[in-house]
Amino acid sequence: MEDLEQGLLMQPWALLQLPENPLLAKAYITKQGYALLISDLQEVWHEQVDTSVVSQRAKELNRRLTAPPAAFLCHLDDLLRPLLKGIACPGKATFSCDRVAETLILRVQSELSGLPFYWNFHCILASPSLVSQFEYVLGKGIASCFEVKL
């Protein structure tokens, strides 16, 4: 799981335009799992999961779809990558987010193999040690996001 965190550190921050409000985000997805970091400039949320969590969540949210975790991870990567680059979502994918207590839930709805596909990223408040690793990079990411948008 350290590989996911290191991979996440190397990713650039991107402006995530959602209907509710814009957020800064970075994601790192491999065949072994994913790591996601989201900030609203007030708080920082994080989720890091391996294939066992992906498999369990896929069964809960997508009862009609059966695929190995790597297939779900590949689909999530295909949906998130363009969004984090400021490109319109592929197909009919929609993203929304909710805050419940100290959790930020990023919801995804799309299609996979012609069937509805649902995914919820359950991001919890990032630990102070994790936030400190990203503070310098976050500052650079914020500057670059707003330079592009001005």
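The values are calculated or read from the model by the stated rules, or taken from the named source; none is laboratory data. Everything quoted here is computed from the prediction, not taken from an experiment. Neighbour counts run over all protein chains shown; Cβ positions are idealised from the backbone, glycine included. Please note that ligands, DNA and RNA were not included when accessible areas were found on the heavy atoms of the full protein model with its side chains. Shrake-Rupley method; radii C 1.70, N 1.55, O 1.52, S 1.80 Å.
Here are a few things to note about the model shown:
- The mean accessible area for residues of region 1-103, using a 1.4 Å probe and ignoring ligands and nucleic acids, is 55 Å² per residue.
- Extreme residue, positive dipole direction of region 1-143, given options Pro69, Phe121, Ile105 (C-beta unit charges): Pro69
- Taking amide H as placed 1.01 Å from N in the peptide plane, Cys97 has its amide H under 5 Å from the amide H of Glu20, Arg107, each at least 5 places away in sequence or on another chain.
- Taking a ≥ b ≥ c as the square roots of the eigenvalues of the Cα gyration tensor, an a/c ratio of 1.5 or more together with a/b larger than b/c marks region 1-143 as prolate.
- Across region 20-51, the residues whose backbone nitrogen lies under 12 Å from the label position 7 Å along the beta-carbon direction of Asp77 are 28-35.
- Phi to ³J(HN,Hα) by Karplus 6.51 cos²θ - 1.76 cosθ + 1.60 over region 29-35, Hz, x for Gly, Pro: 10, 10, 6, 9, x, 8, 10
- Virtual spin-label span in nm between Gln17 and Gln32, 7 Å along Cα→Cβ: 3.6
- Between Glu60 and Glu102, the simple spin-label model (points 7 angstrom out along Cα→Cβ) gives 1.9 nm.
- Amide H contacts of Val44 (H built 1.01 Å from N, under 5 Å, at least 5 apart or other chain): Ala126
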